[in-house]
Structure formats: C-alpha cells, structure tokens
1. Give me the 1.4 Å probe accessible area per residue for region 142-237, excluding ligands and nucleic acids, in Å².
2. In whole Hz, what ³J(HN,Hα) sequence does region 48-61 give by Karplus (6.51, -1.76, 1.60; θ = phi - 60°), x for Gly and Pro?
3. How tilted is helix 297-324 with respect to the longest principal axis of the chain? Cα atoms for both, answer in degrees (0 to 90, nearest 10).
4. If the reach is capped at under 19 angstrom between alpha carbons, list the lysines near Lys358, excluding any in the same chain fewer than eight residues apart.
5. Can you give the translational diffusion coefficient of region 94-243 in µm²/s, computed by Stokes-Einstein from the Kirkwood radius over Cα pairs at 20 °C and 1.002 mPa s?
6. Is region 217-305 rounded, prolate or oblate when judged by the Cα gyration tensor, a ≥ b ≥ c being the square roots of its eigenvalues, rounded requiring a/c under 1.5 and prolate requiring a/b larger than b/c?
7. With just the Cα atoms of region 232-355, tell me how far they stretch along each of the three principal axes, in Å, largest first.
8. Of the options Ala61, Cys9, Ile42, report the single residue whose Cα projects farthest towards the positive end of the charge dipole of region 1-80 (beta-carbon charges: Lys, Arg +1; Asp, Glu -1).
Amino acid sequence: MTKISKICCIGAGYVGGPTMAVLALKNTDIQFTIVDVNQQRIDQWNSEDLDNLPVYEPGLAEILTQTRNKNLFFSTEIDQAIKEAQIIFISVNTPTKSYGIGKGYAADLKYIEACTRKIAEVATDDKIIVEKSTLPVRTASTIKEILHYKESSCQFQILSNPEFLAEGTAITDLLNPDRVLIGGDIHTAEGRAAIQSLSEIYEKWVPKDKIISTNIWSSELSKLVANAFLAQRISSINSISALCEATEADVEEVAFAIGKDQRIGEKFLKSSVGFGGSCFQKDILNLVYIARSYNLHEVADYWEQVILLNDYQKVRFFQNIMKQMHGTVSEKKIVLLGWAFKKNTNDTRESAAIDIAKLLIEEQAQLHIFDPKVNEKQIVQDLMMKTNFLQEEILGKIKVYTSINQLFDDAHAVVILTEWDEFVSYDWKSIYQQMEQPSFVFDGRNLLKNNDLNSIGFRYFGIGR
Ligand code: UDX
Ligand code: ADP
C-alpha cells in the first residue's frame, strides 16, 4: 500500500474546513491542502484575523494556530493540489436543485461533476477519491463513470466517507465521533486497500471498533437516513407542541418524560420554531426524490411529511405572533434575536429566521435584527433569495445591529429565533423598560422559559406550553 503523504480537499466550506483541520491535527506526518474556487474564502482562511474565518466554529481557531502553514494549507491552486495528492476529498456543496428535473427535491450535482472532471483532467497517477459531501445514493457510480470516461492509465478508487458533524459542535464531534463510516468496493483487493488507507488516517485517534466499513451504497444511504431520522424526531416533538398549546400540557415536560425511556432517549427532542441548516431539508428532499424515482410513493410521502410539519411549525409560530399582537404588526418595531439556524455557528442556510422574517415583512413589520455571529450582508442576501425584493427594498424594511445598543428601544415585540446563550443573560427587566407597552416576547426556542418574563410584565409566549 502506498504511504499517504499528501491529501487534498476540494471545497473549503463548513465541512471541508473543520474536517481537514482535525485530520491535520491528528496526522502531522501528512500534508493537507484545502482548495477552493472562491479566492475570497481562501484569503479569509489564510488571514491572521482568526475572529473572521469563513466558518465560525468553537475550537476551530485554536486548531488552526497549531496546523495552518505547518501541515495544513489553503489554496486556489486546485490542479497542483490534485496532482500531488494520493487521497482527494470532495467537500463541495450539493444544494437542492432549483431548476429542471427534480427541481426542489434532487441534489444538484453540478459542483461534484465539475470536481470529478477536474480530477480526470489533471491526475497523472492513482488516486483515492473520497465523497465527503452528502450525496444521493449511487453518486459514486457517476463519479466512476466520469473518471473512467477519459482514457488514462490511472486507477481511481471511490470511497464514501460521510460527515456526521453538527455545526456548532463540529470540532468535538470530529474529535469524538460516534462512528466513522467508510463505504467502498469491499469485494476487490484494491477497494479494501483504499478503505484501509483512509481508515488508518482516522485510527490515529478513533478507536478501531468505531470505524465501520460497508459497501458504498449503504454508506451513501446511511448519511441521508441518519439525517432523516434526526429531523423526524424534531418534527415529531414539534407536532406534539401544537397539541400541547391546544391543551394544558407542556411540551418540555412531555419531552422530558418520554426521553427518560431509554428506547426513545433524551436527545433531539427540543421543540423549536423549526429545524434549519444545510442538511436536514436537503437530505430528506433527496430521500423523497430517490424513493419516488423507484416508485416507492408511500415511502416518499412518509418522509416528506417531516418537511411539511417543519414548514407548518414556522407558519404556526408566525400566526401566533399575529394573533397575540391584535392581528397587525404593520409599522411595529419587532426585534429578531438570532438569525443563524442554531447557536455557535454563523451558518444561516435554511434558518427558520429567514422564513419568519419574510412573513413579518409581508405584514409590513419593521424588523430590527441582531445575531452575535451573522452580519448584515448575509441577512440581506438571505432575504433577497427568499423574497423578490431588491437589496434597497430590504434595507428599507430591516435594520441590522452589531450590538444590542438601542436594539430594544420602543420595540413592540422580541422574537427569539436562535438559542444563543447570551440572550439568557440579558437584563430583561431593563429591556422591558425600553420597550413599548404591552411588550411581547415570542420565544421560538423556549430559551427564556426560566427567566420568568411574565412576572416582569412581558406577555411571554414559548413553544408548546
Ligand atoms: C445535522 C446532523 O446533526 C449532523 O449529524 C449532520 O452531519 C449534518 O446535519 P446540523 O444541521 O449542523 O447537523 O445541526 P443539528 O444540531 O442537527 O441541528 C439542525 C437543526 O435542528 C437546527 O436548526 C437546530 O436548532 C434544530 N434542532 C435540533 C431542534 O429544533 N431541536 C432539537 O432537539 C435539535
Ligand atoms: P458545505 O457545508 O457542504 O461545506 P459550503 O458551501 O460551506 O458547503 O462549502 C462548499 C465549498 O465548495 C464552497 O466554498 C465552494 O466555493 C466550493 N466549491 C464548489 N465547487 C467547487 C469546485 N468545482 N472546485 C473547488 N471548490 C468548489
């Protein structure tokens, strides 16, 4: 087996950046180069200013200080990095298709195909290609076909090594994974050797019994199914939150009680304004698309319901704001606390905040927005993608703050959309003094459930209670 000395990762995003940083930390004898077409992103990764990395992730900056420019490099020299590497990770984005066949469901594989073509074009020796991005089942065969289309003496082994890290806890997830999954061609000696090469990189810190190898299709499908099961739990508890609001039950108590059953477990039972993030919706839509393409319509409908319930939860939350605020928010100052799809990340993809903001803007509310890690440019871009408004129009409807100075002055309502810890420690008595009366708090995360806001004078509404 060839000794692995150089690894390339194509795609310097939320997956590629943190994953390679941890691999580099644990494999000091290997040189890692992360390449990207986006020069600005690479410059940010190379910048001395570790507070403004393209990806905010607790613990990441510390690892970069130990690895960057030692055995971890960020570059736009894609061809050279591919040429030199024995292993190439593909960590490019695979968004839901917004056009053509499979629009709104299927994963858009154009970036994967572009990478594969690039590898086929520049490779001059054998490579192990590792799918890191979430991909539809059987993508490996597409990659294989493209690689072998070009006449070449190079041998390519394709592995699937899906990422299970959750943003906000990516570094701890990578350092202490529940499992590492490697799918490959287990029926050939070359396939098994490739799996072994990748496995050895993880074995530097992951116990062997946590490294699972399967056939490639099982590995690709497992990633989609893991995310579908996780999202399903959230939609399940969110469906119960609606029932709790209609009765005297409290969803937090119900979640606590059912979570004590070891067969159910305590995690992922937090009712919220709705799940977001780049994976859950995309992967379930993809699963639905795949099931339909095999004529498994009942299976497709079953999983699609997880998404429909999530959409319903966001609308239900918005409708409660309207109902409690006497049916109108027109010209009212509404503070949105949080924009990221969860705490401890600057990622806003599919964040529930975007949907809630859109609905409130349509009701002519004036939105005053603060998130500790998301800037105005990102928020405006998210709203432009979600609505048909131009940038100037959006800027007339929202104001983005960089601190909470004056944020609450004369506001009618505060809407909590991300569970950032710092929101709990705000001086809510003082905030109450700054706001219009009556002062409403709509807590999409049940974050302030113990702050006793009602006794301060607020009209406080959580989820499912
Ligand atoms: C997810 C998977 O957890 C991870 O394994 C996979 O690799 C990528 O997709 P991520 O999307 O980064 O990770 O975050 P996650 O912690 O799963 O949260 C997703 C969304 O669900 C967030 O909006 C979060 O706020 C929400 N959520 C999570 C809830 O509303 N309730 C919960 O109990 C848990
Ligand atoms: P993820 O969450 O999957 O990591 P991101 O969007 O954060 O997704 O990162 C994907 C990265 O892949 C982006 O920085 C994008 O510029 C990069 N990328 C997409 N296509 C290519 C390509 N053909 N070659 C190199 N980099 C690419």
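The values are calculated or read from the model by the stated rules, or taken from the named source; none is laboratory data. It should be emphasised that the depicted structure is a prediction, and the values quoted were computed from it without experimental measurement. Quick reminder, even Gly has a Cβ in these numbers, built from the backbone with ideal geometry, and neighbours come from all protein chains shown. For accessibility, only protein heavy atoms count, side chains too; no ligands or nucleic acids. Shrake-Rupley method; radii C 1.70, N 1.55, O 1.52, S 1.80 Å.
1. On the way: 4490 Å² over 96 residues.
Per-residue accessible area for region 142-237 comes out at 47 Å².
2. Karplus values, whole Hz, x for Gly and Pro: 5, 7, 6, 7, 10, 5, x, 10, 8, 8, x, x, 5, 4.
3. 30 degrees
4. The reachable lysines, counting only those whose Cα sits under 19 Å from Lys358, are Lys314, Lys323, Lys332, Lys333, Lys342, Lys377, Lys386, Lys397, Lys399.
5. Working: Rh = 17.1 Å.
The calculation lands on 126 µm²/s.
6. Numbers: a/c = 2.39, a/b = 1.88, b/c = 1.27.
Taking the square roots of the gyration eigenvalues as a ≥ b ≥ c, region 217-305 is prolate.
7. Largest first, region 232-355 extends 50, 33, 30 Å along its Cα principal axes.
8. Cys9
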